[in-house]
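Report on the following structure.
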Amino acid sequence: MAEPAARLCCLGWDFSTQQVKVVAVDAAMKVFYEDSVHFDRDLPEFGTQGGVHVHQDGLTVTSPVLMWVQALDLILEKMRASGFDFSRVLALSGAGQQHGSVYWKAGASRVLTGLSPGLPLHEQLQACFSIRDCPVWMDSSTIAQCRQLEAAVGGAQALSCLTGSRAYERFTGNQISKIYQQNPEAYAHTERISLVSSFAASLFLGSYCPIDYSDGSGMNLLQIQDKVWAQACLGACAPHLEEKLGPPVPSCSVVGPVSPYYVQRYGFPPGCKVVAFTGDNPASLAGMRLEEGDIAISLGTSDTLFLWLQEPMPALEGHIFCSPVDPQHYMALLCFKNGSLMREKIRDESASCSWSEFSKALRSTEMGNGGNVGFYFDVKEITPEMIGRHRFSPENREVPAFPKDVEIRALIEGQFMAKRIHAEGLGYRVLPKTKILATGGASHNRDILQVLADVFGAPVYVIDTANSACVGSAYRAFHGLAAGTGVPFSEVVKLAPSPRLAATPSPGASQVYAALLPSLSRESCPSPRGSWSESCGHGLLRLADPTGRRGRGQQGPSSLFWVPDPWLLTCSSAARDHLALPRASS
Ligand SMILES: Nc1ncnc2c1ncn2[C@@H]1O[C@H](COP(=O)(O)OP(=O)(O)O)[C@@H](O)[C@H]1O
Ligand SMILES: O=C(CO)[C@@H](O)[C@H](O)COP(=O)(O)O
């Protein structure tokens, strides 16, 4: 869509895993322009697959920083070629895939501030990075650093209470720690470390942009209540880290005017404001105007599930981030690594590479899949920590394959049942008034959304564009224009179109999934340490436990319990220790 129009507007950017995207939103909160650059397709010289390089160890995952820079050059040129009127842009903000980090080499700041409007960015920034291949959220190579960080602050729960999460391999502090340990010279030559979000903001600002509280919460370094760097965590990760990170700022901060580079090269007004960029999931929360009680499910490269929270409740599973729109509040997030790329694989294997064939299979199979259940983790999953494909017959026997249609439904039902189980593990309940807001690439697919509505027993809504992170970024830019006036975000976006109903639960769905979903009988499998949210976790132990050992209090066998032991299904490492059960391999 490229309607050149001379409307006053704000731009919202998203530097996500597979692409850079932009939307323009006018003062009536209407999206009137959308564009994107897809890394694999539009920048094949970087040789990425799904926007990343998976290294030989299968654990290290990186993306070339210059690919992101060049993608920005390309998308700005596309906008100019389409006649987009940059002179009408009042403000801009953006989002980035979370946790990824960029390492600016000593001296890069001078290059950034002196950008020449005659040249594209990528030609000028070639020599500005001490690490050219940046660790991204899909990386899971830092288990040693995670254990060190947890030990340094008194354990996993202590770290979670401080920073909102126990140590996760993709979280930036652990990634920085690995770089410091394995490549101390590159670390020493780094003058600034950005997140993908603050890196992208820096490109627009022409100077280093601070990290915002919300995306900063995904680093295992920020004290989410006090909004300052946690000294114990910094010290455990790497020396001189505080000066390389710079002070964090509230997510709604105006960080400055756009660099003269954009004024001279593209015709942005000199007063165009840059509002701090944030993580793509926090930006999606803003874009969907999530309210307390709603549940958002993003079906992008990763699948994520997130909620608005008044009070943080840090646990051993999931993450608490500072809210991107309200400095007093928080959001909870669960991340599932085997999202769209896993769905694409099964589509290619079982639906002739066609989403319409894939949809047809969902329509031609029944809710509950006749008792056939599957979990598909081609890459090591985050929630739960598992790998491999695991299929169960109605008799609860692990089987090597399913017919194609059954395979497709097993994948989608398995993905959504896992989301519901883990959300309930965090204490979330589906209530009669619950709305699910779906976004991300796969939310284009109505048949996938129907399964989502059925599994959750709640209506599913979508917004006009699946690019909610971009839209949320543009909304946040409008909010930035009102900075200092105390106007709440909800007031700024009140004209935005309401989400549209996309799917309602089918008759009988709640009975089918009540029988299948172990979480619904959680009462029968109490946590050994009292609080469910403390001990729910990241192991699909049934799969690693051929003895089928049952958790305490499990009420009699049921062939419908595809993972026959609901307690084991959501059992954390801590709970496994308590029950003396094997740990999931990492
Ligand atoms: N009709 C569809 N059905 C299911 N998935 C789809 C469909 N169209 C696009 N997708 C998925 O959307 C994904 C991209 O989602 P997107 O939210 O843009 O990702 P990201 O923001 O992480 O780059 C693709 O990998 C693709 O698998
Ligand atoms: O790691 C997380 C969230 O914790 C991921 O959700 C990344 O933020 C990547 O986002 P997408 O590119 O898949 O939207």
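The values are calculated or read from the model by the stated rules, or taken from the named source; none is laboratory data. Just so it is clear, the structure is predicted and the values come from calculations on it, not from any experiment. No Cβ is skipped: glycine too gets one built from the backbone with ideal geometry, and neighbour counts run over all protein chains shown.
Collect the residues in the stretch 449-477 that are surrounded by fewer than 24 Cβ atoms within 10 Å (Cβ to Cβ), at pLDDT 95 or above and either farther than 24 Å from A509 by Cβ or within 9 Å of ligand 1 (Cβ to nearest atom) (or both), keeping them in residue-number order.
Listed by number, the list is empty, since nothing qualifies.
Kindly indicate which of H53, H38 is within 13 Å of ligand 1 (Cβ to nearest atom) and either among the acidic types (D, E) or at negative phi (or both).
Only one candidate qualifies: H38.
Tell me, yes or no, whether the stretch 329-348 has at least one residue that is over 18 Å from the mean Cα position of the chain (by Cα), part of a loop (DSSP other than H, G, I, E, B) and away from ligand 2 (no atom under 14 Å from the Cβ).
The answer is yes, given that some residue of the stretch 329-348 is over 18 Å from the mean Cα position of the chain (by Cα), part of a loop (DSSP other than H, G, I, E, B) and away from ligand 2 (no atom under 14 Å from the Cβ).
Collect the residues in the stretch 316-328 that are assigned to a loop (DSSP other than H, G, I, E, B) and not β-branched (V, I, T), keeping them in residue-number order.
L316, E317, G318, S323, P324, D326, P327, Q328
Quick check on my filter: what residues within the stretch 446-458 are in a loop (DSSP other than H, G, I, E, B) and either aliphatic (A, V, I, L, M) or closer than 11 Å to K419 by Cβ (or both)?
A458
Using the structure shown, decide if A2 is modelled with pLDDT of 95 or more, more than 27 Å from M138 (Cα to Cα) and more than 16 Å from ligand 2 (Cβ to nearest atom).
Against the criterion (modelled with pLDDT of 95 or more, more than 27 Å from M138 (Cα to Cα) and more than 16 Å from ligand 2 (Cβ to nearest atom)), A2 does not qualify.
Here are Y461, Y475: which of them is of a type in the set (S, T, Y), in a helix (DSSP H, G or I) and either under 27 Å from D294 (Cα atoms) or touching a residue at least 24 places away in the same chain (Cβ under 8 Å) (or both)?
None of the other options fit; the residue is Y475.
May I ask you to say which residue of G83, G51 is surrounded by 24 or more Cβ atoms within 10 Å (Cβ to Cβ) and not aliphatic (A, V, I, L, M)?
Residue meeting the stated conditions: G51.
Filter the stretch 282-311 for residues that are among the β-branched types (V, I, T) and within 14 Å of ligand 2 (Cβ to nearest atom); which is farthest from Q450 (Cα to Cα)?
Residue satisfying both the conditions and the ranking: T301.
Within 16 Å of ligand 2 (Cβ to nearest atom), at pLDDT 95 or above and of a type in the set (A, V, I, L, M): is that true of A276 in this structure?
The answer is no for A276.
How about the stretch 452-494: which of its residues are touching an Asp or Glu at 6+ places or on another chain (Cβ under 6 Å) and closer than 27 Å to V430 by Cα? Quick ask: steps written out before the conclusion?
Here is the first cut: in the stretch 452-494, the ones touching an Asp or Glu at 6+ places or on another chain (Cβ under 6 Å) are 469-470.
Within the stretch 452-494, A469 is the sole residue that qualifies.
For a quick check of your reading of the model, give me the residue pairs whose first member lies in the stretch 279-297 and is closer than 15 Å to L334 by Cβ and free of Cβ contacts under 8 Å to residues at least 60 places away in the same chain, whose second is among the aromatic types (F, W, Y) and surrounded by fewer than 24 Cβ atoms within 10 Å (Cβ to Cβ), with beta-carbon atoms closer than 7 Å and at least 6 apart or on different chains.
none
Can you find, within the stretch 307-340, the residue that is nearest to ligand 1 (Cβ to nearest atom) among those that are of a type in the set (F, W, Y) and modelled with pLDDT of 95 or more?
Residue satisfying both the conditions and the ranking: F336.
I'd like to check something: does the stretch 65-82 contain any residue that is within 14 Å of ligand 1 (Cβ to nearest atom), of a type in the set (A, V, I, L, M, F, W, C) and part of a strand (DSSP E or B)?
To start, the set of residues in the stretch 65-82 that are within 14 Å of ligand 1 (Cβ to nearest atom) comprises 67-68, 71, 75.
Next, from what is left, pick out any that are of a type in the set (A, V, I, L, M, F, W, C): 67-68, 71, 75.
Still in the list and also part of a strand (DSSP E or B): none.
The answer is no; no qualifying residue exists.
Do you know which of the residues in the stretch 351-368 that are among the hydroxyl-bearing types (S, T, Y) and surrounded by fewer than 15 Cβ atoms within 10 Å (Cβ to Cβ) is farthest from A503 (Cα to Cα)?
For the stretch 351-368, the residue satisfying everything is S352.
Hey, can you tell me all the residues within the stretch 281-305 that are over 19 Å from H479 (Cβ atoms) and either within 16 Å of ligand 1 (Cβ to nearest atom) or not in a loop (DSSP other than H, G, I, E, B) (or both)?
I295, I297, S298, L299, G300, T301, S302, D303, T304, L305
Checking R420 against (1) at pLDDT 95 or above; (2) closer than 28 Å to S498 by Cβ; (3) away from ligand 2 (no atom under 16 Å from the Cβ); (4) surrounded by 17 or more Cβ atoms within 10 Å (Cβ to Cβ), which test does it fail?
(1)
Give the number of residues within the stretch 423-440 that are within 16 Å of ligand 2 (Cβ to nearest atom) and at pLDDT below 95.
Here the count works out to 2.
Looking at N445 and the list (1) away from ligand 1 (no atom under 15 Å from the Cβ); (2) surrounded by 16 or more Cβ atoms within 10 Å (Cβ to Cβ); (3) of a type outside the set (V, I, T); (4) touching a residue at least 60 places away in the same chain (Cβ under 8 Å), which single condition is not satisfied?
Answer for N445: the failing condition is (1).
What helices (runs of 4 or more DSSP H) lie completely within the stretch 168-233 and have 2 or more residues being buried (at least 24 other Cβ atoms within 10 Å of the Cβ) and not hydrophobic (A, V, I, L, M, F, W, C)?
The qualifying helices (runs of 4 or more DSSP H) are 172-182, 196-205, 213-216.
Any idea how many residues of the stretch 141-167 are surrounded by fewer than 24 Cβ atoms within 10 Å (Cβ to Cβ) and in contact with a strand residue (DSSP E or B) (Cβ under 9 Å, 6 or more places away or on another chain)?
Adding up the residues that qualify gives 2.
Scanning for something of a type in the set (S, T, Y), part of a helix (DSSP H, G or I) and either within 16 Å of ligand 2 (Cβ to nearest atom) or surrounded by fewer than 23 Cβ atoms within 10 Å (Cβ to Cβ) (or both), does the stretch 98-108 turn up at least one residue?
no
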